[in-house]
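Trainee: Right, I'll just put the structure down here and ask away after.
The values are calculated or read from the model by the stated rules, or taken from the named source; none is laboratory data. Owing to the predicted nature of the structure, the values given are computational and were not obtained by experimental measurement. In this analysis, Cβ positions are derived from the backbone assuming ideal geometry, glycine residues included, and neighbour counts consider all displayed protein chains.
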Amino acid sequence: MDTLTAVDTLSALAQPSRLQIFRLLVKHSPAGLAAGKIADDLGVRHNTLSTHVAILTRAGLLRSERNGRSIIYSVNPAGIKSLLAYLVEDCCNGQPELCTPMASEPKQQVRSKRIAD
């Protein structure tokens, strides 16, 4: 991943509703969720959701699959791994493996704010 791609990917997440969508889909990984379920769970209008998931998909963070009349969105592990690898590639004096325990550390409770759109 190059710098411009990383900036675009991070920009896709730098919006409250898109970050909520991404985090919801991470929780429901690998199966994903139908678009309507995402909209209902987060209280986002369907047309607004469509815009948000398109941005996240173009950024390589989500993928979609048609299942009958529904579109199922799920996280794209390759896109996430690529972004994380880029972010930590120069970590710890060239030893990015020292950063791998970060995902298993306990969550710090900061402030949480729910945004509808």
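Trainee: List every residue pair whose Cβ atoms lie under 7 Å apart, where the two residues are 6 or more positions apart in sequence or sit on different chains, the first residue falls within region 5-20 and is farther than 16 Å from ARG45 by Cα and modelled with pLDDT of 95 or more, and the second residue, located anywhere, is assigned to a helix (DSSP H, G or I) and of a type in the set (Val, Ile, Thr).
Mentor: Matching pairs, first to second residue: ALA12/ILE55.
Trainee: If you don't mind, another one. Considering only residues that are in a helix (DSSP H, G or I), aliphatic (A, V, I, L, M) and out of contact with any His (no Cβ under 7 Å at 6 or more places or on another chain), which ones fall in region 1-23?
Mentor: LEU4, ALA6, VAL7, LEU10, ALA12, LEU13, LEU19
Trainee: Residue pairs, Cβ under 8 Å, 6 or more apart or interchain, first in region 82-94 and more than 13 Å from THR3 (Cβ to Cβ), second part of a helix (DSSP H, G or I). List them.
Mentor: Matching pairs, first to second residue: ALA85/PRO96; VAL88/PRO96; VAL88/CYS99; CYS91/LEU98; CYS91/CYS99; CYS92/LEU98; CYS92/CYS99.
Trainee: Is it the case, given these coordinates, that VAL26 is part of a helix (DSSP H, G or I), in contact with a Phe, Trp or Tyr (Cβ under 8 Å, 6 or more places away or on another chain) and closer than 14 Å to TYR73 by Cβ?
Mentor: No; evaluated as a whole, the condition is false for this residue.
Residues checked against (1) surrounded by fewer than 16 Cβ atoms within 10 Å (Cβ to Cβ); (2) modelled with pLDDT under 70:
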| residue | (1), (2) |
| --- | --- |
| THR57 | no, no |
| LEU61 | no, no |
| ARG69 | yes, no |
| ASN76 | no, no |
| GLY79 | no, no |
| ALA85 | yes, no |
| ALA103 | yes, yes |
| PRO106 | yes, yes |
